[in-house]
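Accompanying notes for the structure given below.
No value in this document is a laboratory result; all are computed from the given coordinates. Everything numeric here is computed off the predicted structure, so don't read it as measured data. With ideal geometry, Cβ positions are generated from the backbone for all residues, glycine too; neighbour counts draw on all protein chains shown.
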Ligand code: PEP
Ligand code: MN
């Protein structure tokens with residue numbers, strides 16, 4: 001009855017049985033709590049990020065997302081406000097007592113992004129950038145590790161292993177969809193990873209239905225399915241003017257859709273025995 005030896009160790013359940021909990025200033029990820037990270041795909045200007053933040057603060061959303069350095073398929077697309085975007089994220093988050101989740105695209109930007117962010121995101125295109133993973137293993141902030149769009153579960157867990165093996169145990173996995181033959185959706189959101197990761201690893205796992213589907217009308221059903229699958233949270237794109245967004249407008253929620261979704265996320269989470277880390281009641285009941 002010999003089990004095939006797994007190539008990863010520190011991320012495995014065998015290594016550590018208890019669920020890893022990511023402790024942040026205002027909230028935690030994991031441990032029966034259901035987290036919502038929300039914000040625009042990209043920070044575009046001061047008015048946009050403060051307007052979105054003010055809206056999110058009505059729900060006491062604790063975690064603000066937003067890209068300052070954007071990995072875009074075309075070099076002609078908006079590449080982000082860069083350092084200016086980081087500063088705006090920090091200012092908006094501080095005003096509303098939120099924490100900043102933002103992508104770090106390059107090893108030489110780790111220090112700069114870590115100066116402004118509370119959680120550093122590794123994008124799907126960088127999941128196998130081993131230099132970047134090693135650099136992030138040396139910082140004392142949590143890392144949100146997106147699944148590579150063509151990566152297997154094993155490759156993904158090994159990418160996390162790079163971060164843990166260098167000394168940083170605070171990794172949050174994020175399923176964001178993979179490339180398949182299907183073109184009706186932007187990616188194929190592989191929710192089967194959620195219970196499978198939970199059985200194999202102690203790390204928390206969240207779901208990104210925004211990149212996962214590319215279509216705003218699919219965000220609510222896939223969010224609720226993520227809760228049922230056992231996810232520890234969601235990362236959601238929301239915009240004050242999705243139709244004018246500089247990136248990912250088609251998958252960005254309108255404010256009223258977001259409000260409706262938060263109520264459903266709260267009810268569904270409670271049904272599955274989890275406590276949400278935000279408050280949908282104030283504005284909705
Ligand atoms: C994003 O979160 O906006 C993003 C670019 O994510 P991904 O790396 O999953 O495509
Ligand atoms: Mn996006």
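Brief remarks on what is shown
- In this calculation the C-beta distance from residue 78 to residue 114 is compared with R0 = 22 Å, giving a FRET efficiency of 0.40.
- Ratio Rg/Rh [Cα only; Rh per Kirkwood] for segment 175-285: 0.98
- Our helix-only sum for the chain, with -39,500 (n - 2.57) per DSSP H run of n ≥ 4 divided by its residues, gives a mean residue ellipticity at 222 nm of -10000 deg cm²/dmol.
- Spatially, segment 60-138 and segment 16-41 are offset by 18 Å when compared through their Cα centroids.
- The order of 34, 181, going from fewest to most other C-beta atoms within 10 Å of their C-beta, is 181, 34.
- Shape of the chain from the C-alpha gyration tensor: rounded (a/c under 1.5, with a ≥ b ≥ c the square roots of its eigenvalues).
- The ranking of 127, 193 by Cβ neighbour count inside 10 Å, starting from the fewest, reads 193, 127.
- For the pair residue 185 and residue 272, the difference between a 0.36 nm per residue extended length and the Cα-Cα distance amounts to 28.6 nm.
- Taken as Cα centroids, segment 158-172 and segment 248-278 sit 29 Å apart, rounded to the nearest whole angstrom.
- Estimated FRET transfer efficiency when R0 is 45 angstrom, pair residue 95-residue 14 (beta carbons, to 0.05): 0.55
- Ordering 89, 109 from the fewest to the most neighbouring beta carbons within 10 Å gives 109, 89.
- Within the chain, antiparallel bridges make up roughly 15 percent of the DSSP beta bridges whose residues both belong there.
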